[in-house]
1. Have a look at Asn298, Asn288, Asn334 and point out the one that is among the polar types (S, T, N, Q) and either touching an Asp or Glu at 6+ places or on another chain (Cβ under 6 Å) or within 16 Å of the ligand (Cβ to nearest atom) (or both).
2. Say whether the condition of being touching a residue at least 60 places away in the same chain (Cβ under 8 Å) and more than 22 Å from the chain's Cα centre (by Cα) is met by at least one residue in the range 311-325.
3. Provide a single number: the residues in the range 575-617 that are over 24 Å from Gly529 (Cα atoms), modelled with pLDDT of 85 or more and open to solvent by less than 50 Å² (accessible area, probe 1.4 Å).
4. Take the residues of the range 371-381 that are in contact (Cβ under 8 Å) with a residue 40 or more places away in the chain and at negative phi: which is surrounded by the most Cβ atoms within 10 Å (Cβ to Cβ)?
5. Being modelled with pLDDT under 95, of a type in the set (A, V, I, L, M) and in contact with an Asp or Glu (Cβ under 7 Å, 6 or more places away or on another chain) narrows it down to one of Val153, Val119, Val163, Val132, so name that one.
6. Report, ordered by the first and then the second residue, all pairs with beta carbons closer than 7 Å, sequence separation of six or more or different chains, a first member in the range 226-252 that is aromatic (Phe, Trp, Tyr), and a second member that is assigned to a loop (DSSP other than H, G, I, E, B) and within 16 Å of the ligand (Cβ to nearest atom).
7. For the range 105-121, state whether one or more residues are under 22 Å from Gln543 (Cβ atoms), crowded, with 24+ Cβ neighbours inside 10 Å and in contact with a Gly (Cβ under 6 Å, 6 or more places away or on another chain).
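The values are calculated or read from the model by the stated rules, or taken from the named source; none is laboratory data. Everything quoted here is computed from the prediction, not taken from an experiment. We place every Cβ from the backbone using ideal geometry, glycine too, and count neighbours over all the protein chains shown. The area values use the complete protein model at the heavy-atom level, side chains included, leaving out ligands, DNA and RNA. Shrake-Rupley method; radii C 1.70, N 1.55, O 1.52, S 1.80 Å.
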Amino acid sequence: MNKGIFIILIGLIAFACTSAKKEKIVTEEDLLHAAGNPGEWLTYGANYSETRFSKLNQVNDQNAKDLGLAWYFDMDAVRGVEATPLVSNGIMYVTGPWSILYALDARTGEKLWEYDPKVPKEYAEKACCDVVNRGAALYQGKVFVASLDGRLVAIDAKTGKKVWETLTVDQSIPYTITGAPRVIKGNVIIGNGGAEYGVRGYISAYDAETGKQVWRFYSVPGNPDLPFESKAMEEASKTWTGNYWEAGGGGTMWDAMAYDPELNLVYVGTGNGSPWSRKHRSPDGGDNLYLSSIVALNPDNGEYVWHYQTTPGDNWDYTATQHLILADLEINGNKRKVIMQAPKNGFFYVIDRTNGEFISGEPFVPINWASHIEYATGRPVENPSAAYNDIPYEAVPGPHGAHNWHPMAFNPQTGLVYIPAQNMSFFMSHDPKYKFNDPSETMVIAAGNWNTGVMMVGGKREYPSFGKLLAWDPVKQKKVWEVEHFAPANGGVLTTAGNLVFQGTSDGRFVAYNAKNGEKLWESPTGTGVIAAPITYELEGIQYISIAVGWGGSAGLTNSFSETQTTGKVYTFKLDGKESMPEFPEKVQNPKLSGVSYQIESQEDVMLGAKFYLNYCYICHGNPGERPGGVIPNLGYSRTEVIQNLEAYVLNRALANKGMPDFTGRLTTEDVDKIKAFIQISVDSN
Ligand code: CA
């Protein structure tokens, strides 16, 4: 070989090597065409239409039975894991509890770096539903993660070092962020939560390069004595009565977003009213715009374009923050550009996404708050007794929703939407003594003084709880198949061109189904309950399926392995994967709690214990002794010594490092004894 050619060849090889190593960064074009690049998972919902559908089909209905573990990563976390991982450039970016971001080698699971925003532990008390985080966003060499305490952080995707950080909330007000940001037209968009505590919802856009705020859209009006931020707020204020702004109003946009680049619209789901009880919130009625709505905004300036309200005058914590999916469907012979949602209120909606026109809406599970939607107006027809007032009402769905944040998926090949559906009824009653931010006058729910104006009451349930994977035909508004799960609060969904649907379950399994008929094709144990949604990607010709696991959050009943729980993990599977699963602790099948001693005077003290338990413990720890399975311990499955020493945890902060709230000032030693009595008696009577 001629020496000159040899040198040129060496040069070319060297060039090829450097260019292969050159970091590929996620550009606006990449995000716009994410659906055409199934080898990566670049944004929360897989693409701007948020379909969570992948064109990969190496793993399919014929060979899914051969899936095996490729690798796993241990987050070493014992709180809820809700994240959808992202994959780009051979790196997986996944978030765990406390908004911690991990970068992993997507081939091996090896940790490359970790970024901990160091959220103060006392923020656990400001979070309605655990210290969770649903994921990150990628753009121009940066990873964006929003921390529980309201900061938006840009991190160098390669090194894990912080580039900028912007505070997006007033930290003196109980705002929290659990959602995944999206990057649209060079801006990072993020909302927040806190409608259980009395905040005013908004969503903001920040320049991805600098972190500077570009726009902000409020979902509900503020004090009408001050100038309205926009025409939309002026219009909205006409649908509220009383001093609504004092308790914030709610409408927090804490999860769903979607984007249509052709229409230049970003769609956002808005949350429930704050307080929940509309009698307190807006005493003379009104729809209370833009609560529980799908709102279309101009992504350039955040200006309102249209809205569709799913629950006018929301009274039941029926958020419409649930997953939004864009699709083009043929309806009555016409191609329609639609947006689909299965919000908490139990109706499946198909809305024209160009203008917000109602196309169809039918209940996807049994509901009792409304009889139907009037098609001429697009308004639900409320059941009069569902207004609850002073008579407790068993609301179905309850505030956990017929479908919560757990992402659904749309498969264009089957034409079906796969919904992690559920029902958990909830007795609601208007609290006549409610005053905003005055826990001495109101019944508070859970750790952090929920400002709901609603009393949580017991009663004999008419409606049994359930969890299901539902395959829904959005054109016919009809169920095609369903799989019944062990309990509510199951994981989000992935669907693929391999005719597959993947979902994790609250009882600790990861399952593949035939997308057409729901036949179970494969499952793997996960050691803990699953609430997050799976993803898929491809590297060097191999298709991988990944799922982050770790049960927690507010799911109404706690599936707990209790003292023998396993930690949150990311599992990645491939065909013929040979890696061994980690050892799982033995599942506790029955509550073992026995012989807890307590001092009570009478049966009334047990009732008081039950009341305290419902208000302070239930939301996180569930019914004592009911249904084993997940991460935050069900107290009925605790070791006897733990409940015997309950005061140490409740009043003396023995678990403060894990985010267990301090109840000093709200409960006394005597109250804790009554709670102990209630827990032991509940377990004994189960
Ligand atoms: Ca809520």
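1. Only one candidate qualifies: Asn288.
2. Yes - at least one qualifying residue is present in the range 311-325.
3. Adding up the residues that qualify gives 5.
4. Pro380
5. That would be Val132, the only listed residue that is modelled with pLDDT under 95, of a type in the set (A, V, I, L, M) and in contact with an Asp or Glu (Cβ under 7 Å, 6 or more places away or on another chain).
6. Trp240/Asn288
7. yes
The rows are residues; the columns are (1) buried (at least 17 other Cβ atoms within 10 Å of the Cβ); (2) free of Cβ contacts under 8 Å to residues at least 60 places away in the same chain.
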{"site": "Trp306", "(1), (2)": "yes, yes"}
{"site": "Glu330", "(1), (2)": "no, no"}
{"site": "Arg336", "(1), (2)": "yes, yes"}
{"site": "Tyr349", "(1), (2)": "yes, yes"}
{"site": "Phe364", "(1), (2)": "yes, no"}
{"site": "Trp369", "(1), (2)": "yes, yes"}
